[in-house]
Structure formats: C-alpha cells, structure tokens
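Trainee: One structure, as structure tokens, below. Some questions next.
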Amino acid sequence: MMTYQDTTTPAGGDGPILRCEGITKAFGGVNAVNGATFDVPRNKITALIGPNGAGKTTVVNLLSGAMKIDSGKVQLGTTDITNMERYKIARLGLMRTFQLSRELGGLTVLENLLVAPKVQAGESLFNIFFRPRLLKREERQNLERAVEILRTYGLFDLRDNLARELSGGQKKLLEISRGVMASPSLFLLDEPMAGVNPALIDKIGGYILDMKAQGVTVLMIEHNLNVVERICDNVVVLAEGRTLATGTMSELRENKEVVTAYLGEIINAGPSH
Amino acid sequence: MSQFWMAFGFGLVTASVLAIAAVGLSLQFGITNYINFAYGDFMALGAYTAYVFNAEIFHLNIWIAMIFGSVIMGVFAVLINQFLLSPFARRFNKSFYVLIVTFGLSLVMLNLVYSIWGANNRTYSMKLEIYKHIGPFLLNKYQIIVMIISIAIMLGVHLMLKTTRLGKSMRAMSDNTTLAMTSGIDTRRITTVTWFLSGMLAGLAGTVLGITESQITPASGELFLFVIFAAVIVGGVGSIYGAMAGAVLIGLATEISAAYINPAYKLDVAFVFLIFTLLFRPNGLFARPGKA
C-alpha cells in the first residue's frame, strides 16, 4: 500500500500540525493579510474559505515561504518556520500546490516526481563519483515509489511525456502526485478543484480523503462548498485578511457573521458555487 | 576531396573543444539566467593554471596538469559566484546589471593574466607528435585524445542530467526555479555545484584549446568566446543538447570553410551562421520550449 507520511520530519508529534499566529502581510498600503490566526489540526482536512480578496492565497504563500511574513509566527509541529527558506519548509514536510497548476514542463511526468523526494544522496557530486551503489539503490526506491503513485493517479501511461504536453486536469493530478511523492506531513492545496470537470472533482476529492487515511494533514483553499461539506473536517473562514471563524461547516452556517460576510454571498449567487 | 576530409577532421577537433566550452556556458546560463561574459577569461586562466603545473613550476604531464587546472578553475568559479555575482544577482532583479559585472570581471581577469604571464605566447611542455592519416583524416595523437575527452564529457554530462538527482534538479531549476524551490530543491547548493562544474569545463576547454592550437595567449579565451556564443545560440540558448549540436555545426562549418576560403574568415563564418539562425529560428536550431 502506498505510504504518504514521513514521520521523521519535525512536523511529527501531538497538537496541531500547524499554528499560525497573527500573521500579517501588506503590499504597499494594502493589508492583504491582517493578523490571521488559526490552527490546523493533525490528520484532518481543513478548508480555508472566504470571499475573493480575503487573503487565502497570500496566507498559503506565507505559510509555504513563497512570500515573507511582515509580522506574526508560523509553527510547523514544534519548528518555527516563520520566513524560513521555502526549500527548507518543503523538506520539513510542508508541500503545496498552486491555483493555476505549475509543472516542470521540460521534464517528463516521471521526472517531475523523481525530483520531489526531500533529501537525496544523488544531490552530491561526491556521492555521484564515490558512492554509486547508494545512488543506484536510492534511485531504484524512488522509481518504484514514483511508478506506484503514477499508477494510483492514472498518469502511468503518460510517464514519458513532457509535463508541458499534459491537459489542464492531468497537470492538476501531476502537481498533487508530485507533492505526494515528497511524503508531506502537511499538504496545502490551493483550489484543487478549480477549472476541472465534475468527474475529476470527485476523483480529486477521493485522493484527498485517501491522503488523510494515510496520515497526511491537508489544508485546502476551496470555493466549492459542496466539496468542503463532503470532505473537510474543519473550516477556517478568512475575511479581509483576518480569521473570521473556525469550526465545522454546519457550525459555520449558524454563525451570523460568517453568513453575512461569505455564506450569504454564496447562497445568493446560486447553485454554481 | 581529400582537402574536404582533412578540414572535416580539423572541424571535429574544433567542435570537440567548442562542445566542452559551450556545455559549460550553457549549464551556467540555464541555472543563473544570465550570460557570463568572463567565461572566455575563465578558459584562459584555466589554460595558464595548467601551464603552471605542466611547464612553469611542477613539470607534470599535460593531462594531469589539465586536471589540476580544471579543478582549480571550478573552485575559482564557485568563489566568484559566491562573493561577486550572486550578491549582484540577489540585489538587482535585472540580469543586465550582472552582465555588466561579468564584463568588468572579464577585463580584470584578462589583465591579471597579462600581468602574471605577459603578452607573449606560451606553449605546454609536450612531446612533438607527428600527424598521421586515420581514415580520410589527418590528425595527431593529442587531437585524438582531445576528441575522446570531449566525447567522454558529453556522455558524462548527459548521464548526469538524465539519471542523477543532481542533474534532474539542475534541469528542474533551469525549467522553473521557484517551483524547484517549492519542491524542496536546495537551489543555492545546486547553483554552487553548477558553477563548480562549469568552471571546471571552462578550465578544461581552455587547456585543450591550448593543446590543439599548440600555444596559449591571454586573449585566446576571449576570442574563442565569440565562437562559443555562436555555438550556444545556434543550438538554442540554455539547452545543453543544443550547445553540443551547435558546437559540432559551428566547428565543422568554420574549419571546412577555412579550407576553401581564407582561414582568417573563420570567425565571420560562425557569425554568418549565427545571424541566419537568429533570422529564421531565433530560439536556435534545436531549441524546445523551456531549457536544458
């Protein structure tokens, strides 16, 4: 069976896997994130929702190290990752996807997965020349795992295609499978269902539930409240860069502030949401 | 006809030297995204470092001296990147500023070589080898060894890029540095290793150029840089395999043309190729979207 979580990362332990305390980020004079505070419970799927411009993607960028935090603190497990370099954050077990899928277009689908594992002996010139056996063993293990993941995500037949040749939906799956290959403890998904057909939405929902079953914690930005209702255990609502509320979806429906700021808008907009 | 084949043989030798240099320059560009105008001076300094080990102080065999020269140039390139170019690249977003710095570095390195070794030609301490007919080609032992070294390096670079994590990480960085970082690739470390490798290749190319031309001069690298640019651009900027192919094309074209028109026009022939490539295939003959 495919295993996801690498328990050797500092993200292991008890308590919330991620603690975000009063983070702020301003662009010019505009406060995109204005003191967002929330916890991401371990081994659960948490949704990050809110109206457009609430600062959801900025929060994900700040958590993953893609942007510098102006003030506040982020803790992954017991490790303070505030403004840590993004490759170090990734190596600690926090992986992410993007709203518009990104792929290493000049690499094949298989190679996209093979670059993902956190630390590899093959990164060292010394090992390349003097420890070829270790490298071979490592490459074989990575290859076996990558093939297994590609089969699970239905990309095996495309393994030798360049990633740039894939369709939009396939790129979404590739991005998720590349994250899975890195054995994340916490996986941040930025609108994984955006722009994909209903059949694929169900499929991706299934993959996310499967990750949770394997011990991966997921924090996902999602506008599709049906999906949130169906697969998420916990919801964080952001508005104007602040945490408006946290709880289950049914609890939030009872929260007047949330209904006024976000849910009312969604309900009024009709069934497309 | 024999004149053609002789020129073809010389073309293969030139292509071999060119390929080593062009692959080094392409590796550097693929990772850093700026052109290093001091690359020719790295070649010259590498050639003179090998000269120190071979003829000036240590009197080592030329091939061993070449290895020393290359490794020292690898370390030198890492230091230059670490303490000069990287701080500029971090500070200024536009590669134009770094380009100007590499121009300045080129001048400093050229004058450094002039001040240490003077303007006179130097020659490596090597046994004189007579030219022999090998099939239709007329080559000497050193030229054949240089071709073998070049083929081995191309094969090594290919295997590294395709089969090792280091090579895949280099290609990932070349493709999308941000995404590479987000995937957990230590881009600073990969950049350092790339500079080491490209510095080594520059030193190696400078030395084998000195071996095949039977002399080294402080400006030999700078002059050769224009031919390297032609090979890299004809092949497709930033594409390692394009650089290899571009080197073969430019190497053969310059030497074969030299057999039929004045050899003084070699550089012009390379530039005619370059201009036509830019006119009709601006991304290079072998370029695909993305790099490496």
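The values are calculated or read from the model by the stated rules, or taken from the named source; none is laboratory data. Since the structure is predicted, the reported quantities are computational estimates derived from the model, not experimental observations. Neighbour counts run over all protein chains shown; Cβ positions are idealised from the backbone, glycine included.
Trainee: Regarding A:L209, is this residue assigned to a helix (DSSP H, G or I), at pLDDT 90 or above and away from chain B (no Cβ under 13 Å)?
Mentor: Yes.
Trainee: Ok, one more. Output the residues belonging to the stretch B:173-188 that are more than 19 Å from the chain's Cα centre (by Cα) and within 8 Å of another protein chain (Cβ to nearest Cβ).
Mentor: The answer is B:D175, B:N176, B:T178, B:L179, B:A180, B:M181, B:T182, B:S183, B:G184, B:I185, B:D186, B:T187.
Trainee: Given the criterion at pLDDT 95 or above and either within 16 Å of the chain's Cα centre (by Cα) or surrounded by fewer than 19 Cβ atoms within 10 Å (Cβ to Cβ) (or both), identify the matching residue among B:L27, B:L45, B:L84. Let's see the steps before the verdict.
Mentor: On the way: B:L27 fails: at pLDDT 95 or above; B:L84 fails: at pLDDT 95 or above.
On inspection, the qualifying residue turns out to be B:L45.
Trainee: Output the residues belonging to the stretch A:180-195 that are closer than 19 Å to A:A66 by Cβ and either within 13 Å of chain B (Cβ to nearest Cβ) or part of a strand (DSSP E or B) (or both).
Mentor: Here is the first cut: in the stretch A:180-195, the residues closer than 19 Å to A:A66 by Cβ are A:182, A:184-192, A:194.
If the condition is that a residue be closer than 19 Å to A:A66 by Cβ and either within 13 Å of chain B (Cβ to nearest Cβ) or part of a strand (DSSP E or B) (or both), then A:A182, A:P184, A:S185, A:L186, A:F187, A:L188, A:L189, A:D190 are the ones that fit.
Trainee: A further question follows. Based on what the data block shows, is A:A146 facing chain B (nearest Cβ under 7 Å) and either of a type in the set (K, R) or not in a loop (DSSP other than H, G, I, E, B) (or both)?
Mentor: Against the criterion (facing chain B (nearest Cβ under 7 Å) and either of a type in the set (K, R) or not in a loop (DSSP other than H, G, I, E, B) (or both)), A:A146 does not qualify.
Trainee: Right, something else. Check whether at least one residue in the stretch A:35-46 is at negative phi, of a type outside the set (A, V, I, L, M, F, W, C), buried (at least 17 other Cβ atoms within 10 Å of the Cβ) and part of a strand (DSSP E or B), and report yes or no.
Mentor: Yes, some residue in the stretch A:35-46 is at negative phi, of a type outside the set (A, V, I, L, M, F, W, C), buried (at least 17 other Cβ atoms within 10 Å of the Cβ) and part of a strand (DSSP E or B).
Trainee: Step by step: first the residues of the stretch A:78-91, then only those that are of a type in the set (A, V, I, L, M) and more than 8 Å from every other protein chain (Cβ to nearest Cβ), then the one that is nearest to the chain's Cα centre (by Cα). Which residue is that?
Mentor: Out of the qualifying residues, it is A:I89.
Trainee: Of all residues in the stretch B:87-115, how many are within 19 Å of B:A47 (Cβ to Cβ), surrounded by fewer than 19 Cβ atoms within 10 Å (Cβ to Cβ) and among the hydroxyl-bearing types (S, T, Y)?
Mentor: Count: 2.
Trainee: Is there a residue being assigned to a strand (DSSP E or B), surrounded by 24 or more Cβ atoms within 10 Å (Cβ to Cβ) and more than 14 Å from every other protein chain (Cβ to nearest Cβ) anywhere in the stretch B:241-262?
Mentor: No, because not a single residue in the stretch B:241-262 is assigned to a strand (DSSP E or B), surrounded by 24 or more Cβ atoms within 10 Å (Cβ to Cβ) and more than 14 Å from every other protein chain (Cβ to nearest Cβ).
Trainee: Looking only at the stretch A:156-169, which residues are modelled with pLDDT under 95 and within 20 Å of the chain's Cα centre (by Cα)?
Mentor: Of everything in the stretch A:156-169, those that are modelled with pLDDT under 95 and within 20 Å of the chain's Cα centre (by Cα) turn out to be A:G168, A:G169.
Trainee: Kindly indicate the residue of the stretch A:19-34 that is in contact with a Lys or Arg (Cβ under 9 Å, 6 or more places away or on another chain) and either outside any strand (DSSP E or B) or basic (K, R) (or both) and also surrounded by the fewest Cβ atoms within 10 Å (Cβ to Cβ) among those meeting that condition.
Mentor: Here the answer is A:R19.
Trainee: Being at the interface with chain B (Cβ under 7 Å from one of its Cβ atoms) and outside any loop (DSSP other than H, G, I, E, B) is the filter here, so list the residues in the stretch A:92-134 that pass it.
Mentor: Of everything in the stretch A:92-134, those that are at the interface with chain B (Cβ under 7 Å from one of its Cβ atoms) and outside any loop (DSSP other than H, G, I, E, B) turn out to be A:R96, A:E111, A:L114, A:G122, A:E123, A:L125, A:I128.
Trainee: Considering every residue within the stretch A:172-179, establish whether at least one is within 9 Å of chain B (Cβ to nearest Cβ) and modelled with pLDDT under 90.
Mentor: no
Trainee: Exactly one of these conditions fails for A:V218: (1) in a strand (DSSP E or B); (2) under 21 Å from A:G53 (Cα atoms); (3) touching a residue at least 60 places away in the same chain (Cβ under 8 Å). Give me its number.
Mentor: Looking at each condition in turn, A:V218 falls short on (2).
Trainee: Any residue in the stretch A:155-163 that is within 11 Å of chain B (Cβ to nearest Cβ) and buried (at least 18 other Cβ atoms within 10 Å of the Cβ)? Steps first, please.
Mentor: We begin by selecting, within the stretch A:155-163, every residue within 11 Å of chain B (Cβ to nearest Cβ); these are A:162-163.
With buried (at least 18 other Cβ atoms within 10 Å of the Cβ) added as a condition, the list becomes A:162-163.
Yes, the stretch A:155-163 contains a residue that is within 11 Å of chain B (Cβ to nearest Cβ) and buried (at least 18 other Cβ atoms within 10 Å of the Cβ).
Trainee: Shifting gears a bit: Hey, can you tell me all the residues within the stretch A:54-83 that are touching a residue at least 60 places away in the same chain (Cβ under 8 Å) and either farther than 18 Å from A:P41 by Cβ or not in a loop (DSSP other than H, G, I, E, B) (or both)?
Mentor: A:A54, A:G55, A:K56, A:T57, A:T58, A:V59, A:V60, A:L63, A:S64, A:L76, A:T79
Trainee: Checking the condition part of a helix (DSSP H, G or I), touching a residue at least 60 places away in the same chain (Cβ under 8 Å) and within 14 Å of another protein chain (Cβ to nearest Cβ), which residue from B:M170, B:M154 passes?
Mentor: The unique qualifying residue is B:M170.
Trainee: Also, I was wondering about something else. Could you grab the pairs with beta carbons closer than 6 Å, sequence gap of 6+ or different chains, first residue in the stretch A:225-243 and closer than 13 Å to A:K56 by Cβ, second one in a strand (DSSP E or B) and among the aromatic types (F, W, Y)?
Mentor: Within 6 Å, the pairs are A:V236/A:F38; A:T243/A:F38.
Trainee: Among the numbered criteria (1) at the interface with chain B (Cβ under 9 Å from one of its Cβ atoms); (2) out of contact with any helix residue (DSSP H, G or I) (no Cβ under 7 Å at 6 or more places or on another chain), which one does A:R151 miss?
Mentor: With respect to (1) at the interface with chain B (Cβ under 9 Å from one of its Cβ atoms); (2) out of contact with any helix residue (DSSP H, G or I) (no Cβ under 7 Å at 6 or more places or on another chain), A:R151 is out only on (1).
Trainee: Hey, another quick one. Go through the stretch B:152-182 and count every residue that is under 16 Å from A:E103 (Cβ atoms) and either touching a strand residue (DSSP E or B) at 6+ places or on another chain (Cβ under 9 Å) or surrounded by fewer than 20 Cβ atoms within 10 Å (Cβ to Cβ) (or both).
Mentor: The qualifying residues number 4.
Trainee: Got a sec? Which of A:L244, A:L219, A:L238 is surrounded by 23 or more Cβ atoms within 10 Å (Cβ to Cβ) and more than 16 Å from the chain's Cα centre (by Cα)?
Mentor: Numbers: A:L244 fails: surrounded by 23 or more Cβ atoms within 10 Å (Cβ to Cβ); A:L219 fails: more than 16 Å from the chain's Cα centre (by Cα).
Result of the check over A:L244, A:L219, A:L238: A:L238.
Trainee: Quick check on my filter: what residues within the stretch B:189-236 are of a type outside the set (A, V, I, L, M), in a helix (DSSP H, G or I), more than 11 Å from the chain's Cα centre (by Cα) and within 14 Å of chain A (Cβ to nearest Cβ)?
Mentor: Scanning the stretch B:189-236 gives B:R189, B:T191, B:T192, B:T194, B:W195, B:F196.
Trainee: Which of the residues that make up the stretch A:191-208 are closer than 14 Å to A:Y153 by Cβ and surrounded by 15 or more Cβ atoms within 10 Å (Cβ to Cβ)?
Mentor: Result: A:P192, A:V196, A:L200, A:K203, A:I204, A:G205, A:Y207, A:I208.
Trainee: So, in the stretch B:122-133, how many residues would count as being surrounded by 14 or more Cβ atoms within 10 Å (Cβ to Cβ) and touching a strand residue (DSSP E or B) at 6+ places or on another chain (Cβ under 9 Å)?
Mentor: The qualifying residues number 3.
Trainee: Considering only the stretch B:22-60, state which residues are small (G, A, S) and either assigned to a helix (DSSP H, G or I) or closer than 21 Å to B:G251 by Cβ (or both). Lay out the reasoning, then the answer.
Mentor: Taking the stretch B:22-60 and keeping what is small (G, A, S), we get B:22, B:24, B:26, B:30, B:38, B:40, B:44, B:46-47, B:50, B:55.
Selection gives B:A22, B:G24, B:S26, B:G30, B:G40, B:A44, B:G46, B:A47, B:A50, B:A55.
Trainee: Please indicate, with yes or no, whether at least one residue in the stretch B:61-78 is farther than 24 Å from B:V17 by Cα and assigned to a helix (DSSP H, G or I). Quick ask: steps written out before the conclusion?
Mentor: Start the filter on the stretch B:61-78 by keeping residues that are farther than 24 Å from B:V17 by Cα, which leaves none.
So far as the stretch B:61-78 goes, no, none of its residues is farther than 24 Å from B:V17 by Cα and assigned to a helix (DSSP H, G or I).
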